[in-house]
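Structure first, commentary second.
The values are calculated or read from the model by the stated rules, or taken from the named source; none is laboratory data. Every value quoted in this text rests on a predicted model; they were computed, and no experiment measured them. Please note: Cβ atoms are built from the backbone with ideal geometry, for glycine as well, and neighbour counts cover all protein chains shown.
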Amino acid sequence: MSWVTKTLSSTIGRKLIMALTGLFLILFLTGHVSGNLLLFKGDGGEAFNIYAKFMTTNPAVKLLSYLTYISIIGHVIFSIWLSKRNKSARPIGYGVSTPPSTTVSSRNMGILGTIILIFIVVHMQSFWAQMHWGDLPVVTYDGEQYKDLFSIVTFAFQNELMVIGYVVAMVFLAFHLSHGFASAFQTLGLNHAKYSPAISVIGKIYCILVPILFASMPVYIYFTQS
Amino acid sequence: MKLTLKIWRQKNASDKGAFVTYPIDGISTDMSFLEMMDVLNEELAVKGEDPVHFDHDCREGICGMCSLYINGHPHGPKQTTTCQLHMRSFSDGDTITIEPWRAAAFPVVKDLVVDRGSFDRIIQAGGYVSVNTGGVPDANEIPIPKRIADEAFDSATCIGCGACVAACKNASAMLFTSAKISQLAMLPQGQVERMSRAEKMVAQMDAEGFGACTNTGACEAECPKGISLTNIARMNREYFSASVKSENV
Ligand code: HEM
Ligand code: SF4
Ligand code: FES
């Protein structure tokens, strides 16, 4: 093994990958939620559709989207690899285990992540695959043609089950991030009297604000577009 | 005090083992937990039964030899060692479940005794400093800032008991290993082997089959010496920088 593979396959190295991919996904979510705020514009989806086209065609965004795919896949593969090792480190469990002083989220990152993964698959199939390969209606703004993703989104969120599913998934995301955000910095070794309190506060705000913004989109569309 | 003890009995490493229930009476609240175990063992010896095997040595809270997973917590309900736990922490009529530490890297030897040799091997891999023989150097020859000295000393208070491993859902040894890496990494005497120490001790920790850290903080909450998670962050920094900078390809 070279020093790179040796480092990255160690327990600390695997966590490094979890932290780096997790933080990149947090950056991605920040961009994603900001862009999607255009859904609230009330212009019949014009700004959103123009943004969606930009996001699927701009070369710089393309590069970022490949990094996002790699991050998701890397995060999932390394989480399976880590979880398997962690399970085998205690083959025989305890007869009595009172819940320790740790948070529910920190003890269930794998379960939370698995639910998020299911959500990501459904979500990408509903919108991402449609935008890339679907037979979308076309709208014209200022003489230029755009795929009408907005109509697909508004149609999807007429369905109560979709709306409920999205809101629930965002609750799980919130719990995943309530531990994950600060945890990633600790993994990177960034534990410092000056910065850690701020990181922890920003993490708490982030893990509530971003999922709420995401969840409010299907809810808003459900109540305004029917 | 009258108590019911549910104790893990296991003849040897290959035996399956099971809980056995023992009623016990006449326990004073002033007894330490281990003294209570001594009372039980005397009763068992009189009856001609095999006494319950458990680890202990100093009974002063300094050696780290005592273990026992008591009612779902390593070292019981208080953040201390089992030898420093007193029966006044329990109430008359309580049922107390006593188990060995559970980790692939801490195999059960007999009853409540586990083999913590994996910790010794982690220390052997790099938890030392090389010192020249010859005249004893003056104690204050190398100035060390008070804050650093205090922090290194805090890390050095780890007694290697393994409660962190026992408490962790991943049976991870990162709190222990990070304390042992930290106590030397912060001091001038530890600089010579600094990089190889981080690399070798982490490699040995992994080879022993301990889990990784999910940063839940269960170790810190249960550590009888209050070793903090900042040590794990420092170990990660030491390990990353050693991986990148050392000449070991
Ligand atoms: C957008 C989605 C996601 C984001 C932003 C995210 C973010 C994070 C972050 C920041 C961490 C902390 C890393 C650390 O402790 O160093 C983490 C941990 C974790 N994530 Fe995710 N994650 C996402 C999706 C997923 C998915 C889909 C799974 C998988 C199946 C998953 C499984 C895990 C697991 C198991 C851990 C804990 C690893 C450990 O420390 O043992 N995550 N995540
Ligand atoms: S870090 Fe604490 S719990 Fe772990 S071995 Fe050292 S003293 Fe025991
Ligand atoms: S017997 Fe030495 S610390 Fe408990």
Answer with yes or no whether A:R90 is modelled with pLDDT of 95 or more, closer than 30 Å to B:A166 by Cβ and not in a helix (DSSP H, G or I).
yes
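Taking the stated definitions as given, is B:N170 assigned by TED's automatic domain parsing to the domain that holds B:G209, in contact with a strand residue (DSSP E or B) (Cβ under 7 Å, 6 or more places away or on another chain) and not in a helix (DSSP H, G or I)?
yes
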Could you please let me know if A:L190 is over 18 Å from the mean Cα position of the chain (by Cα), of a type in the set (A, V, I, L, M, F, W, C) and surrounded by 15 or more Cβ atoms within 10 Å (Cβ to Cβ)?
yes
Number of positions in segment B:71-87 that are within 13 Å of ligand 3 (Cβ to nearest atom) and either within 14 Å of chain A (Cβ to nearest Cβ) or polar (S, T, N, Q) (or both):
8
Please state which one of B:A203, B:A167, B:A173 is within 19 Å of A:L8 (Cβ to Cβ), touching a residue at least 60 places away in the same chain (Cβ under 8 Å) and at the interface with another protein chain (Cβ under 10 Å from one of its Cβ atoms).
B:A203
Filter result for A:G203 (surrounded by 17 or more Cβ atoms within 10 Å (Cβ to Cβ), at pLDDT 95 or above, in contact with a helix residue (DSSP H, G or I) (Cβ under 9 Å, 6 or more places away or on another chain) and closer than 18 Å to A:F28 by Cα):
yes
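Can you name the residue in segment A:149-187 that is aromatic (F, W, Y) and buried (at least 19 other Cβ atoms within 10 Å of the Cβ) and is also nearest to the other protein chains (Cβ to nearest Cβ) among such residues?
Residue satisfying both the conditions and the ranking: A:F185.
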Between residues in segment B:56-78 that are within 16 Å of B:M31 (Cα to Cα) and residues that are within 8 Å of ligand 3 (Cβ to nearest atom) and among the basic types (K, R), which pairs lie under 9 Å by C-beta distance while being six or more apart or on different chains?
B:C66/B:R59
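Residue-by-condition table, conditions (1) surrounded by fewer than 19 Cβ atoms within 10 Å (Cβ to Cβ); (2) not in a helix (DSSP H, G or I):
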residue	(1), (2)
A:I17	no, no
A:G22	no, no
A:N36	yes, no
A:G44	yes, yes
A:A47	yes, no
A:T56	yes, no
A:L64	yes, no
A:I77	yes, no
What are the residues in segment B:42-74 that are over 24 Å from the mean Cα position of the chain (by Cα) and not in a loop (DSSP other than H, G, I, E, B), if any?
B:E42, B:E43, B:L44, B:A45, B:V46
Touching a Phe, Trp or Tyr at 6+ places or on another chain (Cβ under 8 Å), crowded, with 24+ Cβ neighbours inside 10 Å and not hydrophobic (A, V, I, L, M, F, W, C): is that true of B:S243 in this structure?
no
